[in-house]
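Each remark here refers to the structure printed beneath this line.
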Amino acid sequence: MEQEVGTWDSVLLENLSEDSFINNIHQRYKRDHIYTYIGTSVVALNPYHHISEHSLDNVRNYGDKGIFQLPPHIYGLTNLAYQSLKDQSEDQCILLTGESGAGKTETFKMIVNFLTHIQDRSHCPATPNVLRKQSSISSTSGLVTHAHRRASSSCSGTANFIICKNRAENTPASISRRQSPSPGPSQRSRTRAESIERQSRRHMREKIVDFDFSHHKSSENISSLLESHAHHLHPTKSCFKHQQTQVSACTAMPSAAKGSPKYAVPSIYGGCRQCGHSKCVRAQSLEKEERDELRGSTCRLSNLATAQPTHPHRVSCSNLTRQHSSESQPERERDHSSLMGSTQRISLYDAHKLSKVLGDLPPPPPSSVSPTPSASSSLHRRHKSPTQRMRECVTCADVFLEAMGNACTLKNNNSSRYGKLFDIEIDFKGDPMGVHITHYMLEKTRITDTIIGERNFHIFYQLLLGADLQLLKSLKLYRNVEKYELLRNTTAMEEDRMNFHYTKRSLDVLGLSCEESNSIFRVIAVVLKLGNFIFVPITNIDGTEGCQVSNVYEVQETAQLLNIEAQILINCLTRANSSNSAQEDVGCEMDARQAAINRNTLCRTLYSRLFTWLVNKINESLKSTQREKNLALLDFYGFEVLEHNSFEQFAINYSAEKIHQNFVYHILRSEQELYIREGLEWSRIDYFDNESICELIDKPSYGILSLINESHLNSNEALLLRVQQCCAGHPNFMTTGSNSMSFQIRHFASVVNYSIHRFLEKNSDMLPKYISAAFYQSKLSLVQSLFPEGNPRRQVTKKPSTLSSNIRTQLQTLLAIVKHRRSHYVFCIKPNEGKQPHQFDMALVQHQVRYMSLMPLVHLCRTGHCYHLLHVKFFHRYKLLNSLTWPHFHGGSQVEGIALIIRNLPLPSAEFTIGTKNVFVRSPRTVYELEQFRRLRISELAVLIQKMFRMYHARKRFQRMRHSQMIISSAWRTWRAREEYRSLKYKRQVKWAIDVIGRYYRQWKIRQFLLTIPLRLPPNTLSPLSTEWPAAPVFLADASRQLRSIYHRWKCYIYRNSFDQTARNRMREKVTASIIFKDRKASYARSVGHPFVGDYVRLRHNQQWKKICAETNDQYVVFADIINKIARSSGKFVPILLVLSTSSLLLLDQRTLQIKYRVPASEIYRMSLSPYLDDIAVFHVKASEFGRKKGDFVFQTGHVIEIVTKMFLVIQNATGKPPEIHISTEFEANFGQQTVIFSFKYGGMSDLAQGPPKVTRKANRMEIIV
């Protein structure tokens, strides 16, 4: 607090003017105090860099305090709306206003972050004394003048409560009430605190006891235990809000590159490229979340252990958790500090939340993102309570919708290109029970018409950069962004790679199945590939113009993604009114221009309907089963002025006009009219009313939106002429000249010049029905659901509505929702156009302050009242604060009762004004303290009710127990004496009987088990593989185990004696192969079931071989087969006959049997293989004269396991020691005078799996792809 500069609340400025207001927010902005209050509204300046006050600790701090007890923050306003919903059971709405780039999206994230974490602040239940202490502290934090007004008003008597008091008398007191609290309380403030404490003691006679709702959150306690060990720090990137867009034109604009961060080269160091910070809105709070949950669960378990001291075994889990917390806390603190200082940054902080939601596994690299949902995440969600899962789903919904609906524009690097209304349903405990998301006006024209310097929606770049190769291959996509026309001249960023991981996993948290997730990505891929369709004009034989698709391969791949025939797709895009059949000459042909128009319309329609389907799917998974109170968050388009303004900007600015008109009507106009109706003395505050501008646009029959929908207008020129005729006399409509195809509107923010080009086309933008019918034939269920009008059984008679009609209807529905709720406004202001921190453009800020009507709002809050309530509601809500009005008031009218209530409060009487129908409260701080007194009084009444009920219940129970005790005690004494004798006698008899029966039963069971063992054995038990054995009694378990072991050894002995010498040798070879290759070579499993034949070519019976072996002394053939010898220079396969005798290895010509090489077995010292399924082996020869000359041999054979095993035994018999078997993906081999490195690579499931491996020789490296 001591570091705060300026005035927290602009209402308290001494010399209030526009200059002093702007100077105040300027001084605060220079010290990174970006929030300033206007009563209960917030003015937020975009800092364009990270500030250190966005953390989970701030959520807890602002959740426990009133709006004016801590420095201004968006959390303070959000907590005010949240507490008002809980305490007053009234629907709330927070509206974010401001032009594009003012920080509305980031503010929206902060509000969602606060609402999803505010309940986490109360893991350990606090005592009621905390509430009393807070009231005392808040009461002692005023200034000297404030305390003086409070002290003097307590003695003012009945004269202070005059209906419709003079405004001049009320104003000084109200200004003193609005003064922000100071760190050091004075003597008079302490006097004021003592008076409040005495007032509290007067009503408090018993100890306050809180109601225990812990049984409602037992599942949360369990889930917190399960999550307490999950703590992992993910690698981070730069934030979405400050992402940089790499523009190819930056090389041609060096001055722009130096002055604007938009054209800055991405830094190789970590951090946000705009501000260099490590965390933006949600990062700090999400990093501490697991640690706070661990602390909360430990606290809950310790309370449980205290409440149940007689069951020490039940708190062992608590002890374990407490020990884990104490051991892991220093390590987590070190991890957190290292992350704070790290140069790595995060890009999408909602996704950082997902990584903690889905488990403690580290995030896989972008190249290995699995297309299927994680099993660990589904198991983790199984232990989540419904409330915790709802909080996580709200965050994940914001993550995925941000990827689908946000894009980088010239003014904002993460601009929301749609309006959204988050309607969060909150129960009486304050937990979110359901969410309904309504989206408005998705800027679907961005799909096909992207302005130079801007980007398309984030999801396209995330999918191309972040998806793994398997997913891209299934979607028929490439990583290169330049290969797609819809993304041409735009740049992808490294942050998109990691963001896709978080975006994809958010679908799993939201409950979408794997099939639905894949269908979503397939539709997005179809949009990208449709943009690549190239239509080439052709001239038919009859002279008519037609077109055809030049890149047919794109059509075929798109048809495969849609599960539709390629000819149907071609027909619907090149032939009008096609019957959607697979024939080529169906329907009349279109020219290339019309086909391109239909293609772009299809891309926009497909993406916008997918977005709507996703929102509906999210709403279906997050809907509430019961009706609760709602807290809505509205983040709509900001006012936007570009160099070229078209229909999109017209719709955006019209929406901004309607939102501003709602603010003007319900705040500036209605409040003043209410004061006049209530009879208060009031001086009118002037303001600019933009109602005439809204009428210019949406007036029935003659408004611009109505004129656009006139059916006789068939060209943009005719539309411009019609608009000029109907709107020429309007003061806010201007023409730009006779030859100019544009018109101007004087909006509430500035004058905007709109180009009439493509107004009618963008307004209709309807997809032909035959295209919808063609896409309905897709076998992909998602595509069918996106085109319901294509169903031939569905008869559509209603004319499709235009975009302008939809805009008007949606805004009317939205304003009807906001109208019946208590609204809270956040005014987001852009300090400069360059998106630079600590730069304050005075003229720009002054312009925004003026068109937002902030100064009239300041004057209204300064001289008006912040809160009003009907007499009946005020009396029934606060009558419990006075003993004369509680529980029933019989002293007169309700106005007199209200006066008694106000007079008894230790609050200044000047803070209250009683009108004809309403009671007005001037200061928000007074409203907060009034609610605090009410909470204290409710606690007292709760204690009183508990005391009386416990007394009644205890007295009745005591009387029943006393009467019953006298009856029971007399009968029990008689019965006890009689039963003691019977019991002793019976116990002696039972003990003797048990001993006799047990002894005989045990001997019978032993005899029965030993005699029945031969009979219970199965007939085929002589096989050593049989593990069957009769079950034995428990007390004979050891004897049964020893008998089973003896029996098994005997079976093995019988089995071994049945072998002849040949079978023994083969068994020895198989055992040797198992020792060498089991769990080391992938192809070993295939060789287990095949016996080792050895002589595959029947060489022993060959007469020529008998002559040769007599000369070389190689009579006994161990192995002989035709194999492939791999050439050392080229890697080609050369067939050759390999013979392995008991003393040497021979390589012979397969036709002439001429010996090419003969290597003694003692010269081979090592054999090398790869762990894969290949059949390649390298025989390493010692560095003798033969080895230096010839080098090592490389063979490829289908019997590689057999030949290596037999060679192993031959070398072992020849040398007396086994050779070395080296199995690795990379090893060296000696090729005479050169050493070559063999490298085995796994090529995946391709055609290579059906044929021999591919061997490539590159210099001294030989690569083998298997």
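The values are calculated or read from the model by the stated rules, or taken from the named source; none is laboratory data. Only a predicted model underlies this, so the values are computations on that prediction, with no experimental measurement involved. Cβ placement follows ideal geometry from the backbone for every residue including glycine, while neighbour counts extend to all protein chains displayed. The area values use the complete protein model at the heavy-atom level, side chains included, leaving out ligands, DNA and RNA. Shrake-Rupley method; radii C 1.70, N 1.55, O 1.52, S 1.80 Å.
Data overview
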read-out: Exclusive hit being over 26 Å from Leu606 (Cα atoms) and among the basic types (Lys, Arg), set Lys779, Lys699; value: Lys699
read-out: In the range 482-511, the residues that are within 14 Å of Phe400 (Cα to Cα), open to solvent by less than 10 Å² (accessible area, probe 1.4 Å) and not in a helix (DSSP H, G or I); value: Leu510
read-out: Verdict on Asn532 being surrounded by fewer than 23 Cβ atoms within 10 Å (Cβ to Cβ) and at positive phi; value: no
read-out: Selection from the range 1093-1137 of residues that are open to solvent by 80 Å² or more (accessible area, probe 1.4 Å) and hydroxyl-bearing (Ser, Thr, Tyr); value: Tyr1116, Ser1129
read-out: Test: residue in the range 424-439 that is out of contact with any helix residue (DSSP H, G or I) (no Cβ under 7 Å at 6 or more places or on another chain), buried (at least 20 other Cβ atoms within 10 Å of the Cβ), in contact (Cβ under 8 Å) with a residue 40 or more places away in the chain and part of a strand (DSSP E or B); value: yes
read-out: Single residue of the range 910-928 satisfying the filter (part of a helix (DSSP H, G or I) and among the β-branched types (Val, Ile, Thr)) that is farthest from the chain's Cα centre (by Cα); value: Thr926
read-out: Looking only at the range 620-642, and only at residues there that are in contact with a Phe, Trp or Tyr (Cβ under 9 Å, 6 or more places away or on another chain) and of a type in the set (D, E, K, R), the one that is most open to solvent (accessible area, probe 1.4 Å); value: Lys629
read-out: Residue ranges of helices (runs of 4 or more DSSP H) in the range 514-585 with at least 2 members modelled with pLDDT of 90 or more and in contact with a Leu (Cβ under 8 Å, 6 or more places away or on another chain); value: 514-530, 552-562
read-out: Output for the range 666-695, where each listed residue is in contact with a strand residue (DSSP E or B) (Cβ under 9 Å, 6 or more places away or on another chain) and among the hydrophobic types (A, V, I, L, M, F, W, C); value: Ile667, Leu674, Leu680, Ile693
read-out: The range 649-682 - residue that is open to solvent by less than 30 Å² (accessible area, probe 1.4 Å) and among the acidic types (Asp, Glu) and, of those, nearest to Tyr851 (Cα to Cα); value: Glu657
read-out: Residues that are modelled with pLDDT of 90 or more and among the acidic types (Asp, Glu), drawn from the range 76-98; value: Asp91
read-out: Which numbered condition Ile520 misses (of (1) touching a Cys at 6+ places or on another chain (Cβ under 9 Å); (2) buried (at least 20 other Cβ atoms within 10 Å of the Cβ)); value: (1)
read-out: Residue list for the range 1002-1022, restricted to those being in contact (Cβ under 8 Å) with a residue 12 or more places away in the chain, out of contact with any Leu (no Cβ under 8 Å at 6 or more places or on another chain) and among the charged types (D, E, K, R); value: Arg1002, Arg1016
read-out: Filtered residues of the range 1138-1161 (kept if open to solvent by 10 Å² or more (accessible area, probe 1.4 Å), part of a strand (DSSP E or B) and not β-branched (Val, Ile, Thr)); value: Lys1156, Tyr1157, Arg1158, Pro1160
read-out: Every residue from the range 783-805 that is modelled with pLDDT of 90 or more, among the hydrophobic types (A, V, I, L, M, F, W, C) and part of a helix (DSSP H, G or I); value: Val783, Leu786
read-out: Candidate set from the range 1068-1087 (those that are charged (D, E, K, R) and either within 14 Å of Ile1221 (Cβ to Cβ) or touching a helix residue (DSSP H, G or I) at 6+ places or on another chain (Cβ under 7 Å) (or both)); member that is least open to solvent (accessible area, probe 1.4 Å); value: Lys1081
read-out: Unmet criterion (only one of (1) open to solvent by 100 Å² or more (accessible area, probe 1.4 Å); (2) within 21 Å of Leu881 (Cα to Cα)) for Gln932; value: (1)
read-out: All positions within the range 631-655 that are under 28 Å from Ala81 (Cα atoms), modelled with pLDDT of 90 or more and either touching a helix residue (DSSP H, G or I) at 6+ places or on another chain (Cβ under 8 Å) or among the charged types (D, E, K, R) (or both); value: Leu631, Ala632, Leu633, Leu634, Asp635, Tyr654, Ser655
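Condition check ((1) part of a helix (DSSP H, G or I); (2) out of contact with any Ser or Thr (no Cβ under 9 Å at 6 or more places or on another chain); (3) of a type outside the set (Ser, Thr, Tyr); (4) farther than 30 Å from Phe1035 by Cα) across all residues:
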residue	(1), (2), (3), (4)
Met961	yes, yes, yes, yes
Arg982	yes, yes, yes, yes
Lys985	yes, yes, yes, yes
Gln989	yes, yes, yes, no
Trp992	yes, yes, yes, no
Asp995	yes, yes, yes, no
Gln1008	yes, yes, yes, no
Pro1019	no, yes, yes, no
